[in-house]
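Below is one structure, written out as structure tokens; the observations come after it.
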Amino acid sequence: MVMLDLDGRIRYANTAYCEMSGYAAAKLENRKFVSLEPSEERAGMRQQLIRLLRGEQDNLRLSTRLVRKGGAVLWVNVSVSLLRDGKGEPQSAMAVIEDVTPQHTGNDALQVIRAEQLQLMEAIPQMVWVTGPAGEPEYVNERWRIFTHAIPTKEPFGGLDLIHPEDRERAAEMFVSALRTERSYEVEYRMRNADGNYRWVLTRAQPLMDAMGRLAHWFGSSMDIHERKTAESLLRRTEKLAAAGRLAASVAHEINNPLEAVGNLLYLALHEQGLPAVSKRYLGLANEELRRVGNIVSQTLGFYRESGGPQSLDLCALANDVLSLYERKFDARQIRVTRSMESVIVEGVAGELRQVVANLLSNALDAMEPYGILAIEVRTHRDEVRLTVSDTGHGMAKPVLDHIFEPFFTTKKDVGTGLGLWVSKGIVEKHQGRLDVVSSQEAEDHGTAFVMTLPRRGAMRLSA
């Protein structure tokens, strides 16, 4: 399997295709997909692929030849599916290449290839299953049997009763839609394991076509993502609570000054000469209620400040921990993560610094298209430590950069709260650091980088 951009260049090639072509993934990246065809067949496939990538058709199926590194030639069936974005515009394409050389060289070779494929599917560290064109089960590997302790039935998924009742309808609709359109699909749902507990799994399925271009099988894999799903849910709750706590504390802090002023005015009014008794009673009641409001404000500020004291922590380890929470999101969008980090100790509140790193990673992920590159770097410079998160997104214009750290300013419309970067900047400044941003929208060099700078251990005293 390979993923193509709209220019027909390879952006991702799986291990099977690398082995088939004889080239490493790095050598295939950015190479024209049709370049591995014999020259006499190249022009015809190029024209068909161009029409698909323009959005004139959604699927392309053909039989051709592939020239391996070294000159050997394989007969292959190629099935290309166009992937569109939420607006229906072409976004990328996925090609499935099936080696059918044995069909041109004899049945003995075909049996050997099938035996090797079966061994490979048993070795894959995921639940693997194959169905017929209508979804009828044909094969499940040992990992599927161990996870479910079930026997495949005539129903898709080995029986819908394996899927959590709340997810059943959605998963079935995705599968039926895939059967109708003959397009690959991906779905997350909770699946019952051998212990009777439900665990989150990520299921992907790809249609396999025969030599005549007809749907022959569905090849699927299911991966246990329960820990990732739980961590993502915890992360979302933490982000929401942290933002709400920061906002509540800020509001409480701002209320303090007018409350004090109103309290002073009530004191003066209560001691005014000749004040009628009824007015004095009313002012006394107002003063009591004001004290209650003041207590609530004090409790709010006190609760927010009870977040744990500073401690020595490894910024590199902290960044890696947060990265692991986003691993599933990076994988789903084929985001390549590069790390260049050295172990360095800083003084700080671990939970707050995790919140900053999580917010920077989340923003970088939102800014990028699939197949982008996210880089994270931790480096020391004299008495400072710099953590940099950069992305290959479209970048931000200067009017956006001028307001990026203001509360409630967001470019995410209804999705964002506009509090993330404001909260992050406040946390970094509380740690006597600074949060900077640089961004470019140049065609050849676009993207954004956020730099968090903190004092090294022993050079900082946490601000109140």
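What follows is calculated from the coordinates using simple rules that are stated; it is not laboratory data. Values in this document were obtained by computation on a predicted structure and should not be read as measured data. Neighbour counts run over all protein chains shown; Cβ positions are idealised from the backbone, glycine included.
Quick notes
- Relative contact order for region 2-105, counting Cα pairs under 8 Å that sit 6 or more residues apart, in percent: 26 percent
- Multiplying the residue separation of Arg84 and Asn256 by 0.36 nm and subtracting their alpha-carbon distance yields 56.6 nm.
- Region 370-395 and region 124-151: distance between their alpha carbon centers, rounded to Å: 41 Å
- Over all pairs of different C-alpha atoms, region 2-105 has a mean inverse distance whose reciprocal, the Kirkwood radius, equals 13.9 Å.
- With N the number of residues in region 311-455, Rg(Cα) / (2.2 N^0.38 Å) evaluates to 1.00.
- Sorted on the mean count of surrounding Cβ atoms within 10 Å across their residues, most packed first, peptides 350-359, 272-281, 440-449 read 350-359, 440-449, 272-281.
- Pairwise Cα distances in region 124-224 exceed 16 Å in 53 percent of cases.
- Ranked by the mean number of other Cβ atoms within 10 Å of their residues, highest first, the peptides 216-223, 78-85 come out as 216-223, 78-85.
- Too-long pairs where the Cα-Cα distance tops 19 Å, listed order kept, from Lys229/Lys329; Lys87/Lys329; Lys229/Lys425; Lys87/Lys412: Lys87/Lys329; Lys229/Lys425
- Cα centre as origin, Lys/Arg/Asp/Glu Cβ charges: region 311-455 dipole, Debye: 220 debye
- Residue (of Ala16, Val67, Leu6) at the positive-pole extreme of region 1-74, dipole from beta-carbon charges: Val67
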